[in-house]
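Visitor: First the structure, which I've put down as structure tokens, then a few questions once you've had a look.
The values are calculated or read from the model by the stated rules, or taken from the named source; none is laboratory data. Worth saying up front: this structure is predicted, and the values here are computed from it rather than measured. Here the Cβ is made from the backbone with ideal geometry for all residues, glycine too, and neighbour counts use every protein chain on show. The accessibility values were calculated without ligands, DNA or RNA, using every heavy atom of the protein model including side chains. Shrake-Rupley method; radii C 1.70, N 1.55, O 1.52, S 1.80 Å.
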Amino acid sequence: MHFYISPGGRRVTISSGGGCFWEVMKVKGSGARRFSYRSVLPTVLIVGILLPFLFIRAAFLALEGTTNCSPIDCIGWTFGPGLFGRADPSTRLTAEMTRALLESNPETTDAQSFEDLLADLASKKNDIRVFVSKAKAMLLDMERKVQDAKREGSIYRHLASLGVPKSIHCLSLKLAEEYSVNSLARSPLPPPEFMSRLTDTSYLHLAVLTDNVLAAGVVVTSCIRNSNQPERLVFHIVTDKKTFAPMHAWFALNPVRPAVVEVKGLHQYDWPVGVNMAVIDMMKLHRAAWEHQYYRNRLSATTIDGAPFEGILGRLLPLNPTSVSILNHLKMYLPELFPELDKIVFLEDDVVVQHDLSPLWSLDLNTKVNGAVGWWRSENEGRDHCVGGTMGDHLNFSDPLIRSSELQQDQCAWLYGMNVFNLRNWRKTNITNKYHQWLQLNAKSGFRLWRLGALPPALVAFADQVQYLDPSWHVPGLGDGPFGMVRERLEAAAVIHFSGPAKPWLPIGLPELQSLWKVHVNYTNQLIRSCGIME
């Protein structure tokens, strides 16, 4: 349908196409107007079409009691943007709300939910500014609660990672009792006929430094189960004096044949005076670093190399027993612990062995001392990833002492957990002396060279003595948080490492990974059942 207006506006006709048209109005002269009878029907049709729209719009305006608009604004809103030069109402509403959020001060509100806020506003008929102000107050309060909950969660998780479960403590007590009353629990380890294996370099020697009886049992059991030559394995378990009795009792009552295991306490070592004094000096320096870290973060937040530490969390980090545990730092004295061995594989107590480790003895370290994993290659991305971060993540390269070392800031840091140490090459170097020198330099610099831990000073001491191994030998990080690793990479790993707070024997352990550790626990053992160590 088309409208036609003649020049001068004297005649108005409507055409429907196909040659049909109606003359709606004819104007004669300048004053008198005469309407044609043929204009009645089209006029009625047009009015009949427009009136329902006007009626519906009026009804909406009556229902929207809070709408403030002029008739032209409302008509422009009804028939779409652009009519009468009016802007899109949604754009105006967005601009109004943005301005209210930026300019208004949050008002207090008793509303506990968004529904309560809407009900309150509807009952009081507040305008959009009041709504935005109260919504802003509610959002800010919710954000504060979320941040507080995250902080509390981090603290509780950290404290939970430091505790010893009652069941594991029970196991140690019962084993200590067995050691005192049961002669079998005091049987020699290894039996006299196998003593010669402890120093025989033709066997495969593995060292574990730990005071966790259950964890040590899992390391040994998993390694034997997945070994192609278990009869060639010799395990050296080094523990402290208080754990010696339960550790000895466990392996005496649960033989690991055909492998051989030795349990030795630190009090049984007869080191020269010079070595004893060096170990004591090392622990004093680590203790001083611990005290500095703890008391510096006691009252306020501080930073190390630009990384913020919140006061309370900074105080909690040094509370980890491993920070001042001699077993954690004695890794730097492996040549003194095993003076008659040429090579040894070091395993942390929070690892599980999934494949045969015997090929490690035939690896060529290229005259290096430490064989360790530091990176893995992503086939999808076509680049290497540092599994333990870079040197810059552990050391303070803003300090000139660290910059003068042989390390590069973007170089991949190697990891403790599964390491092959060539003890013969180690004895030819000054690695241990270099380690002590850097501990002293760190103390003189105000403990600014690295963060608390056993790894950072070792990174400097082993600077040019590390041979990086294939990443399939060691996959760390299974105790750090939500599991996001590719399952194929996890299954292909020879050693999986539960590094991080979520140890598999703790209640906070990740359920989807705990089964990889628990499968090596003998839940039929009477002592384990009596202490409530459950699957």
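Visitor: So, residue 117, is that one touching a helix residue (DSSP H, G or I) at 6+ places or on another chain (Cβ under 7 Å), open to solvent by less than 50 Å² (accessible area, probe 1.4 Å) and modelled with pLDDT under 75 or not? Before you say what the answer is, go through the steps one by one.
Guide: On the way: touching a helix residue (DSSP H, G or I) at 6+ places or on another chain (Cβ under 7 Å): yes; open to solvent by less than 50 Å² (accessible area, probe 1.4 Å): yes; modelled with pLDDT under 75: yes.
Taking the combined requirement at face value, the residue satisfies it.
Visitor: Kindly indicate the residue of segment 198-232 that is over 32 Å from the mean Cα position of the chain (by Cα) and closer than 22 Å to residue 267 by Cα and also most open to solvent (accessible area, probe 1.4 Å) among those meeting that condition.
Guide: Residue satisfying both the conditions and the ranking: 199.
Visitor: State all residues of segment 149-170 that are in contact with a Phe, Trp or Tyr (Cβ under 8 Å, 6 or more places away or on another chain) and part of a helix (DSSP H, G or I); if no residue qualifies, say none. If you could, list the steps in order and put the result at the bottom.
Guide: Residues of segment 149-170 that are in contact with a Phe, Trp or Tyr (Cβ under 8 Å, 6 or more places away or on another chain), as a first pass: 165, 168.
Once the filter is applied, which keeps residues that are in contact with a Phe, Trp or Tyr (Cβ under 8 Å, 6 or more places away or on another chain) and part of a helix (DSSP H, G or I), segment 149-170 yields only 168.
Visitor: I'd like to know if segment 205-213 contains one or more residues that are under 27 Å from residue 503 (Cα atoms) and assigned to a helix (DSSP H, G or I). First the steps, then the outcome.
Guide: Narrowing segment 205-213 to residues under 27 Å from residue 503 (Cα atoms): 205-213.
Those still in the list that are assigned to a helix (DSSP H, G or I) too: 213.
Looking through segment 205-213, at least one residue is under 27 Å from residue 503 (Cα atoms) and assigned to a helix (DSSP H, G or I).
Visitor: Now, a different point. Would you be able to tell me the number of residues in segment 243-265 that are modelled with pLDDT under 95 and in a helix (DSSP H, G or I)?
Guide: Within segment 243-265, residues that are modelled with pLDDT under 95 and in a helix (DSSP H, G or I) number 0.
Visitor: Those residues that are over 32 Å from the mean Cα position of the chain (by Cα) and of a type in the set (Lys, Arg), I need them from segment 388-434; list them, please.
Guide: 424, 427, 428, 434 - these are the residues of segment 388-434 that are over 32 Å from the mean Cα position of the chain (by Cα) and of a type in the set (Lys, Arg).
Visitor: So, in segment 261-299, exactly how many residues are open to solvent by 80 Å² or more (accessible area, probe 1.4 Å) and aromatic (Phe, Trp, Tyr)?
Guide: 1
Visitor: Now a separate question. Within segment 146-169, restricting attention to residues that are among the aliphatic types (A, V, I, L, M) and without any contact (Cβ under 8 Å) to a residue 40 or more places away in the chain, which residue is surrounded by the most Cβ atoms within 10 Å (Cβ to Cβ)? Talk me through it step by step, then tell me what you get.
Guide: Narrowing segment 146-169 to residues among the aliphatic types (A, V, I, L, M): 146, 149, 155, 159-160, 162, 164, 168.
Imposing the further condition that a residue be without any contact (Cβ under 8 Å) to a residue 40 or more places away in the chain reduces the set to 146, 149, 164.
Values: 146: 10, 149: 10, 164: 13.
Filtering segment 146-169 for residues that are among the aliphatic types (A, V, I, L, M) and without any contact (Cβ under 8 Å) to a residue 40 or more places away in the chain, the one surrounded by the most Cβ atoms within 10 Å (Cβ to Cβ) comes out as 164.
Visitor: For the condition part of a helix (DSSP H, G or I) and at pLDDT below 90, what is the one hit in 198, 140?
Guide: Values: 198 fails: at pLDDT below 90.
The unique qualifying residue is 140.
Visitor: Can you name the condition, by its number, that residue 467 falls short on among (1) closer than 25 Å to residue 341 by Cα; (2) outside any strand (DSSP E or B); (3) more than 24 Å from the chain's Cα centre (by Cα)?
Guide: (2)
Visitor: I would also like to ask the following. Looking at segment 279-302, can you tell me whether even one residue there is within 32 Å of the chain's Cα centre (by Cα), at pLDDT below 95, part of a strand (DSSP E or B) and within 30 Å of residue 456 (Cβ to Cβ)?
Guide: yes
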